[in-house]
Each structure stands twice: as structure tokens, then as C-alpha cells.
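Read through the structure below, which is laid out as C-alpha cells, and then see the notes.
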Amino acid sequence: MSEIDEIFRPRSVAVVGVSDKVNRLGNLLLYSFVDMGFEGKLYPINPKEETVMGFKSYPSVRDVEGPVDLVVVSVHPERVPEIIDDCVAKGVKAVVIFSSGFREKGEEGRKREMELVERARAGGVRIIGPNCMGLYSPSSKISFFPGMPKERGVSAFLSQSGSLTNIVGLFSNLRGIRFSKMISVGNASDLDVNDFLEYLGSDPETRLIVCYIEGVEDGRRFLKLAKEISKRKPILIWKAGETEGGARGVSSHTGSLSGSREIWGAVIKQAGLIKIENFMELAGFVTVFQNPYLPGGNRVVVMSGPGGPAVSTADACEKAGLRLAMLSEESKRKLAEIVPEFGTSTSNPVDLSLSSSFDVKMYPKATEICGLDENVDMIVEFMPVLSKEIIEGLMNAQKKVRKPIAIISSVEYAMVETSVSKLFGVTGGMKLIETIMKMYESGISVHSSEQEAAKALVALLNYRKYLEKAE
């Protein structure tokens, strides 16, 4: 674990496979550190050029004057062994191998990969990859792609897919989700999913772990680790390769053994893992689990301005296993004092009418009234337009309510200043993202659909039951 922690905090990084004359992937990887504001030393490696991107270039890792902690490699797979030898000679701590063409290419590729690991381990060098993006950590200002957020979150993403790691990072940025760390292990030839899972389980920067897994070599260790960690931190798992076609894709992607759906289903249940299946669920579930108030039961209040979505949301909640709460007469009386007399309803679903889009205090007031009702365990609110004023009002209400509150809205739409959003007083652009991030921290989540919101809340309830059983 101390080895991995040092890898995440390099003082110097060398990038092999860069050029000042042609565009190469290595240039992108080098610029990622520049864009992130990396404060250590950066060393481009190219024997044919004196400078790359304004940095002095070196013929090899061995030729760098000072110490090198981390090396990122993006060259033809046949050149990788000699670079590993250079790293061993230099005393490098770890190598991220972006290059592909190893285990995922069949038996010959597997042999090449095993030889790399033997060379590296003999010389005390750890490998991340090959066939991976590598590491991202805002606190140490390292990244694998330009444009990644510089703010640190509380969720970590551990993935066997490099491109998916990159996409999740950039996509989540638009949803106001930030990560403590992102790890792309690729073929996981040396440091693997289990190693990083164990590390994240004890990482003080991480409160929630999200895993994209195609397969693991040591299933027993994974189960043991997951069972231990999930009692302290929720673990979301996106398990790929469950079907016959998906399993074939896994084999050609990272060379992993995916395992049967039945076995993984048992692992997920025994370890109290939370299963997700796509991008939208990942984003929605992360906002629920990163700072959750665990519900006491399955009684939900549905609240909406538009009438139709309230009915649809109520259907989604009950189909998912939630039950519409019976509001007390006192709560109904208080709701009647704040909503218009006509075109509204103080029963559950609570219909606030279109006026709620203009009156920024209506949603927060209704949230507080319903949330403090002893018959209510959680709240789902359909909100066509997000505004800074409404969000701040909801966060103030949540300080008293302290129960799961799920919002159905489009964060991406809220970030675009349109004539309609201006009419409703929405603060457009990235200004709203900071407010949304604070909302997540307060225990209020945002979802793209009523089905996703309901499913996430059921998962939160099941996680609470798992914790109670584990005690």
C-alpha cells in the first residue's frame, strides 16, 4: 500500500514516445501533466530531438540527470522491454504502459507481457497496464488526459478499460462529479484490480469506490476485500462481459476471464456491492452514495411542478419497490399554505404547479415540510429547471431534513444559458456547477430519469440493510 501511495505522489515523470515534429499519443500524455499543473519535473524521452513541447528531451530514461519516480510509455510494444530495462537501471518506482499489443492479442502477446513483468519485478519496478490510461489524482496534480477537473472529489474510479476511464472522467465533469482518484489498470499484468481496491479501501481521500470490471485473476481475494471495504465505504460495480458476446469482447479487450453471471451475482450479493449498468446510472448513483443519508424505510414522497411527471415518477418508484408515503394531516395543512389553491395537490404525489418554476422558495419549503414528516423516509422531486436559488434553498432545507433527496433534472441543460433558463432565473454555464457540487455534498442527488432515481434509492436502502446485517 505504501508503494502505491508513492506512485500516486511522483516528484518527477518521464514520458517515452513523444515528438516535437509530429503528433503522437505520447504528446497528449505529456501535456496532460502540464494541463493539470504538475509541480514536479517533466522529462520527455526522444533520442532524436533536443526539446519537446518546450522541455529538454533526453535520449533515454537512463540519461535523465535527476531521479525519475514515474515513467509513462507510449511506443510500439516491441520497444517496451528495453524501456523497462532502462527504468530498472534508473531506479524508477513505477511504469505506466499505455502501449497495447500484449495479453489481449493472444498467447504470443501473453508471453511478451509475462516477460515484461519478470524484468520489472526483478528490478523492483511496478507496472500499471499495459493497455491502459494510467493514473489521475487532483491532489498530486497528475492526469492521463487534458481537460480533467483540477478539483478533488470523494469518489474513486477503478477500471480495466482505459477509454472508459477517460470518458467517465470527462462526462462526469459535466455533471459536477469530481473524483479523488481514477485508475486504469488495463491488462493488470502486475498491480491489479485487487491491489488498487485494497489501496482505495484505506485511502483517506476516498469515501466511495466505483469499479468497472471485466474479470479478476484472484476471485477469492476480491470477495474478501470487497466484503471488508463495503462495510466502511460503498462500492459501485459495473460488471462487463456477463453475456456470451460480452465475454468474447472482454477476452479481446484486456485478455481477462470474465466469469459467469451467476458467480458474479453471488459475489455482488455477499459483498454488499451496488450494481450499475451504464453511464447514466454511474453518474446518478455516485451522487446518491458519495455522501448518503441512509433511509429508514421505503416510504417516498414524490414532488413535482408539472403534473404528468409526478404520476410517471410515482409509477417508477412503486415499480422499483418503494411505497408512496401517507403524509400527515399537519403536513398537508402546511403545504396548502404555500401552494396555489388551484391546479395543485397536497396529497402524495405533491403537485406544486408551474408556479414552482417562478417561486424559488416553493420547492425548498415543500421539501422541508415533507421531509420532517415522520411518515416519510425519502423524497423524489421532478424539477425541469435547476437554479442556484432553488438549489441553495434545498440545501438549507436538507440541514433540517437529513434524509435522501433525489432530484430529476438535466444538469447539462442547466449549464446552458437559454432564453427559457433566463426566464426562470437559472445561472448558466460553469457557475452553476460549483453549487451543484455543494448540493451533492449535502446529500441531494441529481438523476436523468425517474427510473434511475428510484433504482438508486432502492440501492441505497438495500445498502443500509446490508450494513445492519453485517453488524
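Just so it is clear, none of the values below were taken in a lab; they were calculated from the coordinates. Please read all numbers here as calculations on a predicted model, not as lab measurements. Quick reminder, even Gly has a Cβ in these numbers, built from the backbone with ideal geometry, and neighbours come from all protein chains shown.
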Stokes-Einstein D for segment 2-128 at 20 °C, 1.002 mPa s, Kirkwood Rh over Cα pairs, in µm²/s? 146
Could you order the peptides 43-52, 139-148 from most to least packed, using the average number of other C-beta atoms within 10 Å per residue? 139-148, 43-52
Starting from the Cα-Cα distance between residue 469 and residue 122, subtract it from 0.36 nm times their residue separation and give me the gain in nm to one decimal. 120.4 nm
Using amide H atoms built 1.01 Å from N in the peptide plane, name the residues 5+ places from residue 183, or on other chains, whose amide H lies under 5 Å from its own. 157, 158, 159
Share of Cα-Cα pairs in the chain lying beyond 35 Å, as whole percent: 38
So for segment 89-133, using the alpha carbon gyration tensor with a ≥ b ≥ c as root eigenvalues (a/c under 1.5 gives rounded; past that, a/b versus b/c decides prolate or oblate), I'd call it oblate
With each label point set 7 Å from Cα along the Cα-Cβ vector, what nm distance links residue 48 and residue 34? 2.0
Aspartates and glutamates whose Cα lies under 12 Å from that of residue 361, excluding same-chain neighbours fewer than 8 positions away: 389, 392
Please give the length that would be gained between residue 220 and residue 114 if that part of the chain were fully extended, namely 0.36 nm times their separation in residues minus their C-alpha to C-alpha distance (nm, one decimal). 35.9 nm
For the chain, share of DSSP beta bridges that run antiparallel, in % to the nearest 5: 10
Straight-line reach from residue 56: which lysines have Cα under 28 Å away, leaving out those fewer than 8 places along the same chain? 21, 41, 48, 90, 93, 141, 150
Fully extended contour minus Cα-Cα distance, from residue 328 to residue 441, at 0.36 nm per residue: 37.8 nm
5 Å is the cut-off here: which amide hydrogens, built 1.01 Å from N in the peptide plane, fall below it relative to residue 154, excluding neighbours closer than 5 in sequence? 178, 180
Got a sec to turn the phi values of segment 289-297 into Karplus ³J(HN,Hα) couplings, 6.51 cos²θ - 1.76 cosθ + 1.60 with θ = phi - 60°, whole Hz, x for Gly and Pro? 8, 6, 8, x, 9, 6, x, x, x
Links that overshoot a 23 Å alpha carbon limit, given the list 334/400; 269/438; 365/400: 269/438
Whole-Hz Karplus couplings 3J(HN,Hα) for segment 348-355, θ = phi - 60° and coefficients 6.51, -1.76, 1.60, Gly and Pro as x, run 9, x, 8, 9, 8, 6, 5, 4
Take the alpha carbon gyration tensor of segment 299-470, find the square roots of its eigenvalues, order them as a ≥ b ≥ c, and report rounded if a/c is under 1.5; if not, report prolate when a/b exceeds b/c, else oblate. oblate
Near residue 469, which aspartates and glutamates are there with a Cα under 15 Å away, not counting those fewer than 8 places off in the same chain? 228
Could you pull out every residue, at least 5 positions away or on a different chain, whose amide H is within less than 5 Å of the one on residue 237? Hs are placed 1.01 Å off N in the peptide plane, and Pro or chain starts have none. 211, 274, 275, 276
Exposure-ranked with fewest Cβ neighbours within 10 Å first, 356, 99, 202, 345 stand as 202, 345, 99, 356
Phi-derived 3J(HN,Hα) across segment 110-122 with the Karplus relation (6.51, -1.76, 1.60, θ = phi - 60°), rounded Hz, x for Gly and Pro, is 4, 4, 4, 5, 5, 5, 4, 4, 4, 4, 5, 5, 4
